[in-house]
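For reference, the structure is listed below as structure tokens.
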Amino acid sequence: MMNRDIFIRAFTLVFIGVLAIGPMLFESYYKELVMHMMVLGIFAMSLDLLIGFTGLVSFGHAAFFGVAGYLLAIVTPEAEPISIFISLPFCLGGAALAALVIGWFSVRTSGIYFIMITLAFAQMLFYYFNENQDLGGSDGIFIFNKPLFGWGETKLLDLDNPDVLYYLIFASLIGTYLLLRTILNAPFGKVIKGIKANEHRTQALGFNTQRYKLVAFVLAGTLAGFAGYLEAITTGIVSPGHLHWHHSGEVMMLVILGGMGTLFGPVLGAFALELLRDNFQDMTQHWHLYQGIFIILIVLLLPNGIASLANLFGKKQEVPVEEAATEKEEQKS
Amino acid sequence: MDFTTFLIQALNGIQYGFLLFLVASGLTLIFGIMGIINLAHGAFYMLGAYITYWLIGYTGNLAIAIALGLVIMVVVGYAIERLAISFLYSRDHLHQVLLTYGLILILNELQKIFWGTDFYSVPVPDMLKGGIQMTDNQSYPYYRLFISLVCMIVAAGLYLLISKTKLGMMIRAGASNREMTQALGINVNGIFAIVFSLGAALAAFSGMVGSPVSSVFPGMGDEILIISFVVVVIGGIGSVKGAFVGAMIIGLADTFGTVLLPEFASVVVYAVMAMILLWRPQGLFGKA
Amino acid sequence: MSDVILKTENLSKQFGALAAVDSVTIDFLKGQVHAIIGPNGAGKTTLINLLSGDLPPTQGTIKYKDQDITTLGPHEVSMLGIGRSYQKTNIFPEFTCLENCWLGAQSRQGSSMRFIKPAAKITAIRERAENALELARLTHRMETPASMMSYGEQRQLEIAMMLATEPDLLLLDEPLAGMGTEEAGKVIELIKDLAKNHTVILIEHDMDAVFAVAEALTVMVNGNRLKTGTPQEIRESKEVQEAYLGDDEEDAA
């Protein structure tokens, strides 16, 4: 009989299965779209760590996505590719550093202040890149060569081959999910969840919550940078728009749309929204209007996101209070 | 820089500060009293400017356009409060942010549908054209002084409203303790509608009166929104006094920053915010 | 038994012009149950907030086992072995009772900046949490979501969470708040039990409870320490009767 957990497991398997044979199913347009969706999924999961698990509503998350992309553009020479084993750590390090600085200021505040401050700092970075003519200004900058998956003369994987790139991104999506699951199950994750549930009590139980929030912020920012890096490789161009707060708003919308605090939900949200956008953007010039209406409807009608639709298949297994009580009483005697 | 340039920049900074204050005060009041973060607040500024441009086409007179425009904006503000914002009172910040973000998308797109993507200019009224001669080749426009004057009057009016009238007292009570105010039989929802419409009108007025100077263009709402956030954060959420001080600081910092450090012009404002936050994370007049 | 485990010297907390706690000097003895009583607004909760690090004092010092802890924040105070329960129930409502005690137990297991090994596999944490639940007589509720429990059980959980941090000194802020007689009786037994191995500082309005468990009493009025003494001394003191016990008759649960 179908129940919630079985449904979730089955759905996940089918989803991953379809993605895994993607290059065989999709022709190049859709292959690229799916790659973009997977990258967006990584981006969304990184924000879910903050919003859904730590309770930090960051409205400047796109800044880290964009910073990593720009760093790749800066560090990629015109004539030849740079090794991914150099550029990736570099770009991730840059995103982490940006997250550390912005996080350090932001985490000392909470609630509305936090939202506004993260928004403001991200916008500051947007303006910096938008006005920096050396980096292409508002047009952005090209990445002339995809990174070399190898070093020197040795090429382990050919990233110019779209199928190879597809699988690299696919592996990154799965890997990011597993990494986040591991971290959330570890002692660190317990503290984070405690902070979201009741930060004051978590503090009173012995945890320096500010430090934990900062670490979560940096982790999330680094993963956002990872997504930005992958996006930059895929499209070959980085522009200030990647750091604009509209981009931050969109990824936030994905997280809520998908179902925050589930990790998987935001990935679903990413796919759903991109599918919608792909279909409707050609039909109308005013996609943003519909997007806006759509967001409002979701907030009002489905506040726990698409993932909560799984509840149609039954509630999460909970032991009723009386049963548990009588069971234990019996065990005692 | 010489004294005249300094004076001109200072006057510009103050004038910009006043315009910012009108927008930020609405934002901080709405948050302080209703507990709602309204991202679409910048859209009111934008709508004010566009409606002015549109009405001037019909009436040819800035003052009439502004007066009519204000009436329209109060109605729009009230409608949005009843139809969208009122659903947010029991929701958390995240949902508020998202819903009002959706509102921005809708309003921005509606603006493009009605008025297109061009930049428009609003003419300075004949009566206020020209300026004060400061040196042989520099004059300071009368209209800019007019903006500061008008905003000062509005600010004074706001202060009187909040601190001296019965409505103001109810507003302050609602800000300080919503449940108690409700328990005393005061129609808190009615007050919320008033506060929201007032905030929208203030932002719209800022857009209207500033339009001859700043032009009317898509995205102007987003721009002023972020800066208003900075002002509110610096001043302390819920504090109108803080919004005033913050607006002046930012107005002057941005103006002088653009002149003294042109490569870092946009960044100056955020650097100021960061420094103030280092010292007082709750803002200058915010509650600890 | 008679060394001083916690001492405050001229401890004060000003809120603007109001001195919520005014130059309070108290010695708390190790292993004792020391109750702090007084009319509403006497400054009792503010005092406990100062002791637990939730509020910074404006003046004065707090010393725990001869270490100056005046400026420490709540997490540092907790790590020193001082546990706190709150008057207004301060739990994790969506978590089960076991999960509620988990973080407290985990905090004593070395650094939580660990990212790989699942926390659930660390048996020492689980044992510590289960132990705390047992001490608070909530073992049968281990897997129950806290929000589904009765108010009285939630107050027990409030104490269990604190016990999971294995404190030496317990700061209990009105543990019996809002309880009926039967529920209160359970918690009083619990406190008596805990008193065997812990030092307890207790704020309470329920005078029956106070006289049942306390070995020392401090009476506070208007932010000042009026008198400290044995329950007998306090009961017989004229000043105390005038200042306080007369008002309190209505407050007794």
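Readers should treat all values here as calculations from the given coordinates under stated rules, not as data from a laboratory. From a predicted model like this one, the values you see are computed outputs, not experimental measurements. Neighbour counts run over all protein chains shown; Cβ positions are idealised from the backbone, glycine included.
Near the amide H of C:Asn224, within less than 5 Å, lie the amide hydrogens of C:Asp22, all on another chain or at least 5 residues away, with H placed in the peptide plane. Here region A:103-140 is scanned for amide nitrogen atoms under 11 Å from the site 7 Å beyond the Cα of C:Glu94 along Cα-to-Cβ, giving none.
Rounded to the nearest 20 debye, the dipole magnitude of region A:60-242 is 1320 debye, with +1 charges on Lys and Arg beta carbons, -1 on Asp and Glu beta carbons, and the Cα centre as origin. Between 0 and 90 degrees, rounded to the nearest ten: what's the tilt of helix B:62-83 against the longest Cα principal axis of chain B? On a 0 to 90 degree scale, this one is about 30.
Can you give me the Kirkwood hydrodynamic radius for chain C, using every pair of distinct Cα atoms, in Å to one decimal?
Values: mean 1/r = 0.0535 Å⁻¹.
Result for chain C, one decimal place: 18.7 Å.
Our Cα-only numbers for region C:112-253 put the radius of gyration and Dmax at 18.2, 63 Å. Between the Cα long axis of helix A:245-258 and the first principal axis of chain A there is an angle of about 40°, rounded to the nearest 10. Only one residue of C:Pro175, C:Val77, C:Ala146 has its Cα farthest out toward the positive end of the dipole of region C:77-204, where Lys and Arg carry +1 and Asp and Glu -1 on Cβ, and that residue is C:Val77. Across the options B:Leu88, B:Leu105, B:Leu128, the greatest Cα extent toward the positive end of the charge dipole of region B:80-149 (unit charges at beta carbon of Lys, Arg, Asp, Glu) belongs to B:Leu88. Partner lysines whose Cα lies under 18 Å from the Cα of C:Lys121, excluding those fewer than 8 positions away in the same chain, are identified as A:Lys190, A:Lys193. For the protein assembly as shown, what is the percent of antiparallel DSSP beta bridges, rounded to the nearest 5? So the antiparallel bridges in the protein assembly as shown amount to around 60 percent.
Selection among A:Ile195, B:Tyr270, C:Ile191 by position relative to the dipole of the protein assembly as shown gives B:Tyr270 as farthest towards the positive end (Cβ unit charges, Cα centre). Pairwise alpha-carbon distances in the protein assembly as shown exceed 39 Å for 50% of all pairs.
Only beta bridges with both residues in chain C are counted; by DSSP, about 55 percent of them are antiparallel.
Relative to the longest principal axis of the Cα atoms of chain B, the long axis of helix B:41-59 makes an angle of roughly 60 degrees.
Residue exposure proxy: C:Arg114, B:Arg280, ordered by other Cβ atoms within 10 angstrom of their Cβ from fewest to most, comes out as B:Arg280, C:Arg114. Hydrophobic, long helices, defined as DSSP H runs whose alpha-carbon span along the helix axis is 15 Å or greater and whose mean Kyte-Doolittle value is at least -1.0, occur in chain C at C:123-135, C:151-163, C:181-195.
What per residue convex hull volume, in Å³, do the alpha-carbon atoms of chain A yield? Write down the numbers at each step before the final one.
Details: hull volume 59.1 nm³, N = 333.
Hull volume normalised by residue count: 178 Å³.
Taking only DSSP H segments of four or more residues, each worth -39500 (n - 2.57), what value at 222 nm results for chain B once the sum is divided by all its residues, to the nearest 500 deg cm²/dmol? The partial results should precede the final answer.
On the way: 11 runs with 215 residues, N = 288.
Result for chain B, helices only: -25500 deg cm²/dmol.
Basic side chains Lys and Arg get +1 at the Cβ, acidic Asp and Glu get -1 at the Cβ, and with that the dipole of chain B about its Cα centre reaches some 920 debye.
Only the Cβ atoms of Lys and Arg (+1) and of Asp and Glu (-1) were treated as charged; on that basis the dipole of the protein assembly as shown about its Cα centre amounts to roughly 520 debye.
Please arrange A:Leu25, C:Leu172, C:Leu80, B:Leu277 by how many other C-beta atoms lie within 10 Å of their C-beta, fewest to most.
Working: A:Leu25 12, C:Leu172 25, C:Leu80 16, B:Leu277 20.
Lowest to highest Cβ neighbour count: A:Leu25, C:Leu80, B:Leu277, C:Leu172.
Under 26 Å of direct C-alpha separation, and excluding same-chain neighbours fewer than eight residues apart, C:Lys65 reaches these lysines: C:Lys7, C:Lys13, C:Lys30, C:Lys44, C:Lys192, C:Lys196, C:Lys227.
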